[in-house]
Each structure stands twice: as structure tokens, then as C-alpha cells.
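Everything on this sheet refers to the single structure shown next.
Nothing in this text is a laboratory measurement; each read-out follows from the coordinates by a stated rule. Model, not experiment: these values are computed from the prediction. Reconstructed Cβ throughout: ideal geometry from the backbone, glycine too, with neighbour counts over all protein chains shown.
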Amino acid sequence: MDGLVTFAVIAFVMLFAASLPYVFVETRWRWRWREIEAGRVAADRGAPGVYRAAGDVPRYLHEAPRLIRWTAFSCFLFGQMFVPGLVVGLFGILAGGVGVVSVPGLITAAKIYRAGFALLRRDPRLAVHRVRDAASWSLWLNGILFVFSLVFVPHAFSSAGTAAMIGLVDGYGLVSVLQALLMLRAVRVYEDALFADTASCA
């Protein structure tokens, strides 16, 4: 029961911490997504008259698309792991340099976190580059960790602790891979919008 409560508290803190930058950035930079055309609607919904030609006008987004918003939130959620990773890494370095192995993970988390900002701000061209770069780092890192975890599989049959550690690392790695694929899908679907200039860049 205590373990369930601890898990619930940690999950709440992580969700809350990810929500803060999301809410601030999404509301502050929503105007950039309002520059993106989302289709066209009839200029006059009534029946066209004899001397009035029917036409249409562009319709624009009110906010970032749902896929972009969910992806950005996931970037903040996973990217914030930079903070506990940094603390563990510093303790590891002080304990004999072991924390150096956490550096790739810290870099990956920072790149993912930064990608969330770029998506919500719709930084022209830069957003696509940062998201793809973060996704690439995540896929490579988790692939390497999965292969490395196979070395300890024989020990998992005799040690419950080792088995739990492998399950934790590979389970988190699987979720991270899915999050990386989500990032790639978001920039693929909205690549044109993410490459479009903004009023401040025109």
C-alpha cells in the first residue's frame, strides 16, 4: 500500500511539473499557430445571388493541433528526468566517476525538454530539427541500453533484484521509444506548418 501511495505521489509531482511549462508556453505562443491556415470556408454561407459570385476565405487554427500539444507535453514529462538524472550523476561522479555514464541520458533528456518548447512556439525550421535530433538521441540511447541489459539476463534467473532492474530499465526504455516515435510523427504530420515563417520572421 505504501508503495502505491509513493508511486501516486511521484506521478502527481511529475505531471504537475510538466504542466507548468506547458501551460505557460502554450498560452504565450498560441498566436504563432493561429497564423497557420486550416482550410477554407465559404465567404457567404447564404445562396449566391445573380450578381454575387460565391467565394471562400481561409480559416486559421485557434491553437496548436492536439497532436502537437500532446507531443509537447510528453517532451516536458520525459525531459524533466534531466533533473533527477543530474543529481544521480553528480553523486556517481563523487563516488568514483561512475556518474559519467549518465551523461548521454542527461543530454537526451535536455534535448527532449527543449523540443517541447520549440513545438509550442512553432519555431520555423528549428522545431523540426530539434525534435528529430531529440528523437534520434532517444532511439539510439534506449537501443543501446536494451542491448546492454541483455548481458545481465542470465543473472536475472538467480537474482530477483537484477530481474526487477532489467524490467524497470527496459520498461522505461520502451515507453521512451514510443515517445520518440510520437515526436517523429508530430513533425511529419505538421512539417509544413513547422517550416512556415511567422509574422516576426517575415
Who wins for biggest fluctuation among P154, P65, P104 in a Gaussian network model of the chain, springs between alpha carbons below 10 Å?
P154
With just the Cα atoms of the chain, tell me how far they stretch along each of the three principal axes, in Å, largest first.
86, 38, 29
For a quick size check, give me the Cα extents of the range 97-192 along its three principal axes, largest first, whole Å.
53, 31, 16
Non-local amide H neighbours of R122 (under 5 Å, H modeled in plane, Pro and chain starts lacking H): which ones?
none
If I model a spin label at D133 and V57 as a point 7 Å from the Cα along the Cα→Cβ vector, what separation in nanometres do I get?
4.1
Taking placed amide H atoms and a strict 5 Å upper bound, the residues 5 or more places from A38 or on another chain that come that close are R59, Y60, L61
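Go through 179-192, 120-133 and give me the packing order, highest mean Cβ count within 10 Å leading.
Ranked from most to least packed, the peptides come out as 120-133, 179-192.
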Given a Förster distance of 22 Å, report the FRET efficiency between L67 and F195 from their Cβ-Cβ distance, rounded to the nearest 0.05.
0.85
To the nearest 10 degrees, how steep is helix 160-189 against the longest Cα principal axis of the chain, on a 0 to 90 scale?
20
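With a 10 Å radius around each residue's Cβ, average the other Cβ atoms per peptide and rank 169-177, 12-20, 29-37, highest first. Kindly include the intermediate steps, with their values, before the conclusion.
Values: 169-177: 15.1, 12-20: 13.0, 29-37: 16.7.
Per-residue Cβ counts within 10 Å, averaged per peptide and sorted highest first, yield 29-37, 169-177, 12-20.
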